[in-house]
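Asker: Below is one structure. I have some questions about it.
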Amino acid sequence: MKKLVALLIVLSFALPSQAFFWNKKNKALEKELQGKGYAGSLPDIESKVQKSKPKAAEPVFTPSDGFDNPSDLKPVPKDNPAFIDIIQKKDKTSQYTNDSNNIIPMLEKLYDCIDNNESLQLFVSKANVLTTNLDYFIEKYNGKPEGYYESYRQLSEVNRYTKTIMTLRREAVTYQRYLAYQESGSIYNPANIEQQLEYLKEELNKAILLLREEG
C-alpha cells in the first residue's frame, strides 16, 4: 500500500513535465511548418469512394458453330424477285426501252449493209436477224400501252418493209431474166430494187433516231 502511494506521487510529478515537453515540441514544429502548406491530418476519403468495376460485354446474338465457314453460307438468292427488285434496287429503265435498245445495233448493221452495197447473202442474213427479233418485239408489246409509241409503229413499218425487200431481192435473182421484157418484170429491175433499198435506209435511220430519243 505504501509502495502504491509512492508510485502515484512520482507519476504526478512526471506527467506535467512530459506534457510540457510535447507541447513545446508541437509548437516548435508548427512554427517550422508555418507557411509551408497544410500541416493537419487529411480526411480519409478513399473509403467513401467506390471504385468502378468494368462489366463484361455480352454478345447481342447467340453464336453458332461454323458461323464463319464458307461452305455453310447460303448463296445469294438471285432468282428471287424480292432480292432483284428490292435488295439490288430494280433498274428504273423500262423493259420496252431495254428491248428497243437491243434492236438498235441490228438496225445499224442492216443500214451499213445497204450503204456499203454488200452482197445479197449478207443482206438476207442481217435482214433475217432483224426481222426475227422484230417479230418477237412487236408481238410482245402488241395491245399494250407501248404499242402506241411512235417508235413501235416505226419498227413495225421497218419489219414489214424489210421482209418485202428481202423477198423482192430473192425473187429478182430467179425471175429477172425471164420477165425483163414483160410489164410485170419491172419490179425486179435493178434500178427499182436500188430505189426500194434507199427507201428502206430512210426507214431504218428514222427508227434508230426515234429509239435513241426515247432511250
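Asker: If I filter region 87-95 for residues that are modelled with pLDDT under 95 and small (G, A, S), do I get at least one hit?
Answerer: There is at least one residue in region 87-95 that is modelled with pLDDT under 95 and small (G, A, S).
Asker: Could I ask something else about it? Pairs only if they're at least six apart or on different chains, beta carbon under 9 angstrom, first in region 120-142 and within 15 Å of Y152 (Cβ to Cβ), second of a type in the set (V, I, T) and part of a helix (DSSP H, G or I); list them, first residue then second.
Answerer: Filtered contacts from region 120-142: N133/I103; L134/I103; L134/V158; L134/T162; F137/I103.
So that you can scan it fast, the table gives a plain yes or no per residue for (1) outside any helix (DSSP H, G or I); (2) farther than 28 Å from K140 by Cβ; (3) at pLDDT 95 or above:
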residue: S156; (1), (2), (3): no, no, yes
residue: K163; (1), (2), (3): no, no, yes
residue: L168; (1), (2), (3): no, no, no
residue: R177; (1), (2), (3): no, yes, no
residue: I193; (1), (2), (3): no, yes, no
residue: E198; (1), (2), (3): no, yes, yes
residue: K201; (1), (2), (3): no, no, yes
residue: N205; (1), (2), (3): no, no, yes
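Asker: Among the numbered criteria (1) at pLDDT below 95; (2) assigned to a helix (DSSP H, G or I), which single criterion is violated by K109?
Answerer: (1)
Asker: Are any of the residues in region 126-138 assigned to a helix (DSSP H, G or I), touching a Lys or Arg at 6+ places or on another chain (Cβ under 6 Å) and not small (G, A, S)?
Answerer: Yes; the residues of region 126-138 include at least one that is assigned to a helix (DSSP H, G or I), touching a Lys or Arg at 6+ places or on another chain (Cβ under 6 Å) and not small (G, A, S).
Asker: Kindly establish whether E146 is under 23 Å from E213 (Cβ atoms) and modelled with pLDDT under 95.
Answerer: Considered against the rule, which asks whether it is under 23 Å from E213 (Cβ atoms) and modelled with pLDDT under 95, E146 comes out as yes.
Asker: Pick from F137, F123: which is surrounded by 15 or more Cβ atoms within 10 Å (Cβ to Cβ), modelled with pLDDT of 95 or more, among the hydrophobic types (A, V, I, L, M, F, W, C) and under 16 Å from R160 (Cβ atoms)?
Answerer: F137
The values are calculated or read from the model by the stated rules, or taken from the named source; none is laboratory data. Quick caveat: nothing in here was measured; it's all calculated off a predicted structure. Every residue, glycine among them, receives a Cβ derived from its backbone with ideal geometry; neighbour counts consider all protein chains shown.
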